[in-house]
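K.L.:
Can you read through this structure? Questions will come right after.
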Amino acid sequence: MNKETMQKYLDRCSKCGGCMAVCPLYGETHVEPLVARGKLFLISNYLEGNLDLSCKMKELMSLCLLCKACTVQCPNSIPVDELVLSIRQEIAHEKGISFVKKNVFQHLLQNNGRLTTAAKCAYLYQQSGLQWLVRKSRLLELGGGDLGKKENLLPKMAKVPFRAQVPHLLPAANPRVKVAYYTGCLTNYVFPETGHAVLKVLKNHPLDIVIPDQWCCGIPALASGDEESAVKLAQKNIEAFQKAGVDVIITDCASCGSMLREYAELVGTPQARAFSEKVVDFSELLDDVVDFQPGEKEVNHIVTYHDPCHLRRGQGVKEAPRRLIKAVPGVTFREMKEADRCCGAAGSFNLTYYELASKVGHRKAQNINDTGAQTVVTGCPSCITQIDHMLKRENLPVQVMHLAELLSMTY
Amino acid sequence: MLSNAVINEIKQIVGVEYVLTTKEELLCYAYDSTPNAFLPDLVVRPCSTAEVQKIIKLANEHLFPVVPRGAGTGLSGGSLPVAGGVVVDLTRMNKILEIDAENLVAVVEPGVITYSIQEEAEKIGLFYPPDPASLKTSTIGGNVAECAGGPRAFKYGVTRDYVLGLEVVTPAGDVISTGGKTVKSVTGYDLIRLYTGSEGTLGIITKIYLRLIPKPESKKTLMAVYNNLKDAAQSVTSIIRQGIIPVTLEMMDDRTIQCVEKHKHLGLPLDAEAILIIEVDGPRVLLDSQTAEIAEQCRSCGARDVKVAESEDDRDRIWAARRAVSAAVVQIKPTKISEDVSVPRMAIPEMVKRLKEIASRYQLELVIFGHAGDGNLHPNILCNKQDKEEMQRVEKAIGELFQAAVDLGGTLSGEHGIGTMKAPYLKLETGEAGYAVMKNIKQALDPNNILNPGKIFWSDSNE
Ligand SMILES: Cc1cc2nc3c(=O)[nH]c(=O)nc-3n(C[C@H](O)[C@H](O)[C@H](O)COP(=O)(O)OP(=O)(O)OC[C@H]3O[C@@H](n4cnc5c(N)ncnc54)[C@H](O)[C@@H]3O)c2cc1C
């Protein structure tokens, strides 16, 4: 976003404070620099030359979950998250990003071979407890800070990445639609079981499935202000999926999904637009495109649902996952309080600001537990990591799973 | 400017973590919901009456200004540190201490968000009626300090009607309690009324006893459309004559209606001069006959169309129009100068006429909405704060707008307070003698002028 556009949006802020009612970080801390109107005022002051991009500024601008709760409620329709991203980019330009992040975004994520090696290192580290290896695998250092305390939050790497476990072409007998599956890094390297569940559900529908070559969606780079790396990743993905020649592109990750839909804007080419238009969430595919056919097995769970920020507000998907859950034989669905409030994961936010993210997560865990559900379902691996961590930390008798896993249990 | 020694003492009092010193953080406490901002020297976030007391004592020793701040949603500049000094952020004192269902009293700290009190009360069938539109963000301390009102004020009154007792740290640093859990109390002067609406100039409120009432069983909503604003005002009177006191009577003028319709496409009539949104509450058995009576009165006073909400969806659709106002009007121009003059109810049509005349004379965009039951209007001037020339015209128009309200037997501010924004006009209403009484109270209680200097009595500092 250029400075004039930023200024135009900033001028619209009347400081009414509506954002204070919905901001998860303000809700836990009650401090103004963490809420949208404070951040917007700081950005204004920077643009007017009244403030430098100091370390404090950098810290305050990184203290945002990008959950869009303020953006959606703003009576003056200010895209707060985009403004925060723009200023992060400005800061990254001016101050540079950390050595580790730079390495990850500009080299590791751009090269699947190296990424897989890094993931393997991480796996080995976790299996053997070899401390030094984690330092080599830059992936785990992404968040920085005290590693020991967050150990439980760190994803447990899969031995073999999901995409190396499955064929890349799964044709159907009478396909209605040809679908490309964008697996996302977390499913690929950490939660292969989610990937298997997605495929199991898809295979029970008349769909041709392709898993093209693919790279990180770019959202971690963009969130850290490295737009250039994000654009490069986007271009690689667009090209690879174009070759696959599909009708629809699905994701099982809310964050990846919202990022893939952003490609149109981010890259700006007709190819990018064509790509973004094809992207739908796993749940939308089953709810809108094909008619979801559950299997016969009953799943006798009381289930509640957590709306990932990037699905509910990022992609406007609200009812599809709920309808699918309710369609599962045996399930009793219970809506939780504040289902669409951020869980505190926000990419690597929960690693960087562990204590604060845990406060946000605590509220989510309580809301989940208050429903009396045994299972909480959601549509984003990043949320799953955080919610799982919070439920265990608070000893709550609830399990978390991806929507695909719940649906796959019926077959 | 505060010396490092003083800052260190403050850190000792509340803990380092709760003292904000960087320019970035201070900037975030420089503003409220007005378009203005002033940088404080320090922000302090105490968590107890004792900590507040120590800060005030220190202020008297070293003579620095102390500005109490709730959520900073004020619309008159009350929490702006116009003279620098220490902003005392009270949002950490945010515990609901007790909901006493037997005595119908809530005891709360000042930093509690008003809506949480309502939620807690409603869980046990009780009701805290004051409902400023900012209720999900503003603090109860700020509500008491401004004597906030809301749409329900016509039937249920404003914040002051629910304050039974207060604990206050005085400008001298003493802690006093006034009132408590009793509904009646005439021991000496009514200090509760004095502190309620005192805008942080006479003390820092640290504990509040609030009266609760049983929650009305049900409510019902209507919308009436008028070709003529006078008829809308007449309807209100006719309804009351029938012995019905609606809980809300919200009015929108033609310009407001057009803005909302253009922005939200709700199907509102673009040629109407006024819309009234009327809501009644109480025992369910009464509401049908009451709404029928209200509809009848509206029609006989000239309403061209009356809709009664038959379902929750209908009700939502009617209120959607009112809720959309804020967002809709800033589409015209980004800066919203929101006034809250109040006039006797029957003077509303004349007031609206004068307001429109003033706006057209200064070539300004003006929308008028507000609470038709109690005559509290919200004329909003839409302008652009970057446009200096336009802002000068706004300034002049505001002066005339206040004069018009006073001429019609009204008041400068129904609920937002004087703060800095209306301070230059205070004497219009109080006169010299009234002003002197207020000023004497302030001087007697705060001889060092520690608390919230530059508010209410601004005209003095400019003289
Ligand atoms: C969108 C919007 C809608 C609004 N709607 C309404 C409405 O319908 N009705 C209405 O009346 N107002 C309304 N307001 C104005 C505002 O919300 C109220 O004045 C509210 O009471 C301010 O509360 P606050 O916690 O934000 O106080 P602040 O703005 O922080 O402070 C307001 C004043 O109170 C003083 N103060 C705060 N806390 C204390 C304390 N503990 N002890 C002593 N002094 C204190 C401050 O010094 C200041 O003078 C609205 C504002 C906005 C932005």
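K.L.:
What does the highest-first list of A:283-296, A:180-193 look like by mean Cβ count within 10 Å?
P.N.:
On the way: A:283-296: 18.1, A:180-193: 24.4.
The densest-packed peptide leads the list: A:180-193, A:283-296.
K.L.:
Can you grab the distance from the C-alpha centre of the range A:207-269 to the C-alpha centre of the range A:28-89, Å, no decimals?
P.N.:
If you average the Cα positions of each part, the centres end up 26 Å apart.
K.L.:
For A:Arg176, what residues show an amide H to amide H distance below 5 Å, using hydrogens built from the backbone and excluding near sequence neighbours?
P.N.:
A:Leu207, A:Asp208
K.L.:
Which whole number of Å³ per residue matches the convex hull of the alpha-carbon atoms in the range B:331-417? It would help to have the intermediate numbers written out before the result.
P.N.:
Numbers: hull volume 7.4 nm³, N = 87.
Roughly 85 Å³ of hull volume per residue.
K.L.:
When N counts the residues of the range B:253-360, how does its alpha-carbon radius of gyration compare numerically with 2.2 N^0.38 Å, as a ratio?
P.N.:
On the way: Rg = 15.8 Å, N = 108, 2.2 N^0.38 = 13.0 Å.
Ratio of Cα Rg to 2.2 N^0.38 Å: 1.21.
K.L.:
State the three equivalent ellipsoid semi-axes of chain A, derived from the C-alpha gyration tensor as the square roots of 5 times its eigenvalues, in descending order and whole Å. Intermediate values should be presented prior to the final figure.
P.N.:
Values: eigenvalues 205, 121, 104 Å².
Equivalent-ellipsoid dimensions as semi-axes: 32, 25, 23 Å.
K.L.:
To test your reading of the geometry: what angle, between 0 and 90 degrees and rounded to tens, separates the Cα axis of helix A:192-203 from the longest principal axis of chain A?
P.N.:
50 degrees
K.L.:
Still on this structure: Over the range B:249-339, what relative contact order in percent results from Cα pairs under 8 Å that are six or more residues apart? Mind showing how you got there, number by number?
P.N.:
Working: 68 pairs, mean separation 31.1, N = 91.
Reported as a whole number, the value is 34 percent.
K.L.:
Right, something else. Rg/Rh for the range A:210-343 to two decimals, with Rh computed the Kirkwood way over all alpha-carbon pairs.
P.N.:
Working: Rg = 16.6 Å, Rh = 16.2 Å.
Here the Rg-to-Rh quotient is 1.03.
K.L.:
As an exercise, identify the GluC sites (Glu not before Pro) in the range B:51-152 lying in DSSP coil whose Cβ has no more than 12 other Cβ atoms within 10 Å. List each step's numbers first, then the result.
P.N.:
Details: sites: B:Glu51, B:Glu61, B:Glu98, B:Glu102, B:Glu119, B:Glu120, B:Glu122, B:Glu146; in loops: B:Glu102.
Those that pass, being in a loop and sparsely packed, are B:Glu102.
K.L.:
So what is the calculated 222 nm ellipticity per residue for chain B, using -39500 (n - 2.57) for each DSSP H run with n of 4 or more, over all residues, to the nearest 500 deg cm²/dmol? Please report the intermediate quantities before stating the final value.
P.N.:
On the way: 16 runs with 173 residues, N = 463.
So the calculated ellipticity at 222 nm is -11500 deg cm²/dmol.
K.L.:
Summing -39500 (n - 2.57) over the DSSP H runs of n ≥ 4 in chain A and dividing by its residue number, what mean residue ellipticity at 222 nm do you reach, to the nearest 500 deg cm²/dmol?
P.N.:
Details: 23 runs with 209 residues, N = 411.
The helix-only estimate for chain A comes to -14500 deg cm²/dmol at 222 nm.
K.L.:
Please compute P(r) over all alpha-carbon pairs of the protein assembly as shown, binned at 10 Å starting from zero, and give each bin as a whole-number percent.
P.N.:
Here the calculated profile for the protein assembly as shown is 2, 11, 19, 22, 20, 14, 8, 3, 0, 0.
K.L.:
Right, another one. Once the Cα atoms of helix B:49-62 and of chain B are each reduced to a long axis, what angle between those two axes, in degrees from 0 to 90 to the nearest 10, is obtained?
P.N.:
Rounded to the nearest ten degrees, it is 60.
K.L.:
Taking every alpha carbon pair in the range B:96-214, what does the distance histogram look like in 10 angstrom bins from 0, in percent?
P.N.:
Each 10 Å bin holds this share of Cα pairs: 15, 50, 30, 4, 0.
K.L.:
A follow-up question, please. How much of the DSSP bridge set in chain B is antiparallel, in percent, rounded to the nearest 5?
P.N.:
Numbers: 61 of 69 bridges.
Once the DSSP bridges in chain B are tallied, antiparallel ones form about 90 percent.
K.L.:
Which percent of Cα pairs goes in each bin when the distances of the range A:3-95 are cut into 10 angstrom slices starting at zero?
P.N.:
Spelled out bin by bin, the range A:3-95 gives 17, 56, 26, 1 percent.
K.L.:
Further question on the same structure: Per residue of A:14-27, how many C-beta atoms from partner chains lie within 10 Å of its own C-beta, taken as a mean? Let's see the in-between values first.
P.N.:
Working: counts 9, 9, 11, 11, 8, 1, 9, 8, 2, 0, 0, 0, 3, 1.
Partner Cβ neighbours, averaged per residue: 5.
K.L.:
Nearest 10 degrees, 0 to 90: what angle lies between the long axis of helix B:4-14 and the longest principal axis of chain B (Cα atoms)?
P.N.:
Result, in degrees: 60.
K.L.:
Taking 56 Å as R0, compute the FRET efficiency from the Cβ-Cβ separation of A:Glu335 and B:Lys11 and round it to 0.05. Walk me through the numbers before you get to the answer.
P.N.:
Values: r = 45 Å, r/R0 = 0.81.
About 0.80, to the nearest 0.05.
K.L.:
I'm checking a number: the convex hull volume of the Cα atoms of chain B, normalised per residue, in Å³. What is it?
P.N.:
Working: hull volume 70.3 nm³, N = 463.
For chain B, the hull spanned by Cα atoms encloses 152 Å³ per residue.
K.L.:
Ok, one more. Once the convex hull of the C-alpha atoms of the range A:302-408 is built, how many Å³ does it hold per residue, rounded to a whole number?
P.N.:
On the way: hull volume 9.1 nm³, N = 107.
Convex hull volume per residue, Cα atoms: 85 Å³.
K.L.:
While we're here: Which are the unpartnered cysteines of chain A, meaning those with no other cysteine Cβ under 4.7 Å from their Cβ?
P.N.:
Flagged as lacking a Cys partner: A:Cys13, A:Cys16, A:Cys23, A:Cys55, A:Cys64, A:Cys74, A:Cys121, A:Cys185, A:Cys216, A:Cys343.
K.L.:
At R0 = 41 Å, how high is the FRET efficiency between B:Asp100 and A:Lys56 if r is their beta carbon distance? Nearest 0.05 is fine. Display every interim value, and only then the final one.
P.N.:
On the way: r = 44 Å, r/R0 = 1.08.
E between B:Asp100 and A:Lys56, to the nearest 0.05, is 0.40.
K.L.:
Also, quick follow-up: Take the eigenvalues of the Cα gyration tensor for the range B:203-288, scale each by 5, and report the square roots as semi-axes in whole Å, largest first. Mind dumping the intermediate values first?
P.N.:
Values: eigenvalues 176, 82, 39 Å².
Working through the eigenvalues yields semi-axes of 30, 20, 14 Å.
K.L.:
Next question, about the same structure. Counting alpha carbon pairs within less than 8 Å and at least 6 residues apart, what relative contact order, in whole percent, applies to chain A?
P.N.:
On the way: 693 pairs, mean separation 61.0, N = 411.
The value is 15 percent.
K.L.:
Taking other Cβ within 10 Å of each residue's Cβ, how do B:Tyr435, B:Tyr128, A:Tyr123 sort, fewest first? It would help to have the intermediate numbers written out before the result.
P.N.:
Working: B:Tyr435 17, B:Tyr128 26, A:Tyr123 20.
In order of increasing Cβ crowding within 10 Å: B:Tyr435, A:Tyr123, B:Tyr128.
K.L.:
When only DSSP loop residues count, what chymotrypsin sites (Phe, Trp or Tyr not before Pro) in the range B:121-225 have their Cβ near at most 12 other Cβ atoms within 10 Å? Provide the component values of the computation, followed by the final result.
P.N.:
Numbers: sites: B:Phe127, B:Phe154, B:Tyr156, B:Tyr162, B:Tyr189, B:Tyr195, B:Tyr209; in loops: B:Tyr189.
Sparse-neighbourhood loop chymotrypsin sites (Phe, Trp or Tyr not before Pro): B:Tyr189.
K.L.:
Measure out, as a whole number of angstrom, how far apart the alpha-carbon centroids of the range B:214-282 and the range B:182-203 sit.
P.N.:
Value for the Cα centre distance between the two parts: 35 Å.
K.L.:
Would you mind giving the mean number of other chain beta-carbons within 10 Å of the Cβ of each residue in B:83-93, as a whole number?
P.N.:
Numbers: counts 0, 0, 0, 0, 0, 0, 3, 1, 6, 3, 0.
So the per-residue partner count for this stretch is 1.
Each reported figure results from applying straightforward, stated rules to the coordinates on display, with no laboratory input. Nothing here was measured: the structure is a model prediction, and the numbers come from that model. Backbone-built Cβ (ideal geometry, glycine too); neighbour counts: all protein chains shown.
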